[in-house]
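Please read the structure below before turning to the comments.
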Amino acid sequence: MTSLSLRLLRLGGPRAWTTAGLVGAGVAVASALLAVALGALHGLDSREARTGWRTPAAAAPGEPVIAQVRTRVDHAAGKPITQVDVVAPGPAAPGPATPGPAVPGATGPGPATPVPSGGTTAPPGLPRLPAPGELWVSPALAALLRELAPDALANRYPGPPTGLIGDAGLRFPDELVVVIGRPAGDPVLTAPGDSRVVPVASFARTTVPAEDEGYRQLTIVAVALVAFPIAGLLGASARLTATRRGERLATLRLLGASTRQITVVAVAETTVIATAAAITGFLLEALVSPLVARIPLAGGGWFAADVRPSVLVSVGAVVAVGLLATASAVGGLRRVVVSPLGVARRQQARGVRLVRLLGVVAALVVFAIGNSALRVVDVEAAGLVMAAVVLALFGAVVLVGPLVVRGVGGWLGRRESVPALLAGRRLQDDPRAAFRPLAGVTLAIFVAGFLAPLSATAWGATQRDDHTLHVRAGTPDQATTLLARAGIGADVRPAAGERSSGVDVRPVDPAELDRARTLLAPLAPGTLVQTDAEASGQNAVLLDDLRRGVLVVLVATFLVAATATGTAAAARVLDHRHTLRLLRLAGTPVRVLEQARMRETAAPLLVNGAIALAFGLLCASPFTAATGVLAPSGLIVLGSVLLAGTAAVLAATAASRPLLRSLTREDQERSL
Amino acid sequence: MMLRGTGVTKRFGPTTVLSDVDVEVAPGETLAVTGPSGSGKSTLLHCLAGILVPDDGEVWLGAERIDRLSDARRTDVRRQRFGFVFQFGQLLPELPAIENVALPLMLGGMRRRQALERAASWFPALGIDGFQTRRPGQLSGGQEQRVAIARALVTAPAVVFADEPTGALDSDTGAHVMDLLCGLAVRTGTALVVVTHDPEVAARCHRTVVLRDGVLRDGCVPA
């Protein structure tokens, strides 16, 4: 029967191949986006595997300590530099044994040698534990050291770079990072600051910083946000040939084919196409991964390999896509098996039941529980809880959608005009099928409703002072003397506000900021000299990422939605081609058919969109006031989304217009 | 209003499906077009109905030459002056029977209520009273054809075209449907063109023309 199914496809001619191509294209796009989403999670894991040692787990009591580690963020040329100080545990730390690759322009010791990845006693990307006085830098920082004058950056360090940190120790290719070996008793151990000194027994045991975990959880929520539209696109694609397949299977059933036989016929075609398309989608993602890797998150882009999901995950996802497509194909079989005549003759309307409202109630219960849970769970679980809430409310929107379609269909069916009558009756005839082209855009509006108030928060954040340096020790006189010697003019005052000691320095020329901070560093050994904005730089990066994340998720969601809408709209035309031809033949102007299709789409979308927007705002309410959507940035996001949504629907409808005209044109009448 | 085709010729690629066919049908007259499968019967019907444009020849409805009209205008003519009955699948499955019948009236601009009232008046005459709210899938083949006949006649067309109208029915039902179709056409002064390969159906029409390989072999034969 499998060969029969594929033979039917092969012999189906250009129209069958075109349809199969549309199915394949839809599944491939959905799979590629799924791969991107999975790749983002893989990327975060990969980053953590390479750089987790910078935030190591403390050695257990009694365990031998190999080093003490302190990680902070310094700044130069307006860019953050991750500075990891590695302090030897005792008075006799081992000296340099194997120097790393030479840094061009540096005067460090020894010739270049390849850098192996770190083991448990050496950090990843370094050949060994840095010895006191050693300075290991990332390639990007080595370039910056060459670019800036020594008194703007290099003078902050104990000496020239010893070697380069390998890719195995970098968060992303252009990361600015320095690992400095310090002797025992170095002031860095006791210097004040936000970060803590951690005694480590191994670099293999790490902790995940709260902000990194936050990124993971946000990514999980983002994946959940795009998961439903992707599933919708898969479903829409798999059902593209539903009617043709249903009629063919009904014929086979009438001829006496067993349930098993028609199942195989139904499944084989869809599964083969969907699986091949899923593989294509994942290969496509691998192909464009260098471009995806340019999208920055948490301070920088990615290594291309990071944003490719692992082989195991990819295989699992391809199998899942194949199974989903199969399930979609099998879903329509029940009616064929129970009543093949019903399928062949369309005896009854495919109604929707009010029991769906129970699903909506259940989703609201999940939301209430999730909302309460978010106040008590750890950050590690917050993303999963939020993803569950998002999926539940997504589900509610999908469940209530066909009911709305049925209601709108009833209203349209009572209207005076013929397009409204045709649209209304078609909506009532099969509300679930009629909702399918709208599902993508409806869910995109949900996502917009969820993100609009959050984006208002992200865009509305105030920028902190980025020009006044705070030195944690010393007096204004000391600072003024140091700066005067270097010819740097500055406003120098005793530390103000919450700070109890130190000096605030505001260079007259902002371009002198790096020189000033480098000069002032010796006043407070072991500390970093920073502005307020730099001290809270992580927050700024997070806000930047939130803004970018909002845009990426919205663009991805609308891409999926537009593809799904177009695919489903084409499917509806293909499924109803016989009726459309006869209507045309009996004198119905194509304009009337197009108006009917437009109303069939626009009217229920309006109502479903409003419901989805309300659910989206509800979903965001644990994080921010829903009124945030009324802030200018929230309104911009929402307005853009609604415009894009309308444009997507119009474009999708317009895209299938040539198909409608082609199927109903006069020379097609021979095939009636 | 007389429907007349003269020298009608239609080609699909290298194949000449109709060759120089002359045919006419008067108001209240019923004409059967018969012939073996592939002889060009349906193509002739489509040319006469303004669905296809003949490559040569002319098609006139009264004083108006319809084969020269634009696509949009021919669509108007089909909706306003012609009615259609096909073998199967002609009713919109989503619409109840009465709305299927009322549809051409509404397409012509009639108010919904008035269209439904006029549509309802046809149901008793066709023996399907009580089936107004049923959907096509809930009707038998014969009932579906009667709804289709009501839909074809509800606009009081000049000509009704029927393509194998009894092809999907048993002989008794088919005979009944043909009696209704021919009887109503004559009573309302509507010309009827029936394409069929069934001699019994053809026998119920006033005249029969026979097509073979796209050529009118026997001319107009009185039944």
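Coordinate-derived values only; no laboratory data. Just so we're clear, the structure is a prediction, and the values are computed from it rather than from any experiment. We place every Cβ from the backbone using ideal geometry, glycine too, and count neighbours over all the protein chains shown.
As a footprinting exposure proxy, order B:10, A:79, B:41 by other Cβ within 10 Å, with the fewest listed first. Before the final figure, lay out each step's value.
Numbers: B:10 22, A:79 15, B:41 25.
Ascending number of Cβ neighbours within 10 Å: A:79, B:10, B:41.
What shape does region B:161-219 have by the C-alpha gyration tensor, where a ≥ b ≥ c are the square roots of the eigenvalues, rounded means a/c under 1.5, and otherwise prolate means a/b greater than b/c and oblate the rest?
Values: a/c = 2.26, a/b = 1.33, b/c = 1.70.
Oblate.
Expressed as a fraction of 2.2 N^0.38 Å, the value expected for a compact globular protein of N residues, the C-alpha radius of gyration of chain B is 0.98.
Across peptide A:413-421, what mean number of C-beta atoms from other chains lies inside 10 Å of a residue's C-beta? Spell out each step's value before the answer.
Details: counts 4, 1, 1, 5, 3, 10, 1, 1, 10.
For peptide A:413-421, the averaged partner shielding equals 4.
Where in chain B are the DSSP H helices whose C-alpha atoms run 20 Å or more along the long axis and whose mean Kyte hydropathy is at least -1.0? Write down the numbers at each step before the final one.
Values: long enough: B:112-125 (21 Å, -0.71); B:171-188 (25 Å, 0.56).
Passing helices, by number: B:112-125, B:171-188.
Per residue of B:135-142, other chain Cβ atoms within 10 Å of the residue Cβ number 3 on average.
For the segment A:582-594, counting C-beta atoms of other chains within 10 Å of every residue's C-beta and taking the mean gives 6.
Overall, region A:556-660 carries a charge dipole of about 440 debye about its Cα centre when +1 sits on the Cβ of Lys and Arg and -1 on the Cβ of Asp and Glu, all other atoms neutral.
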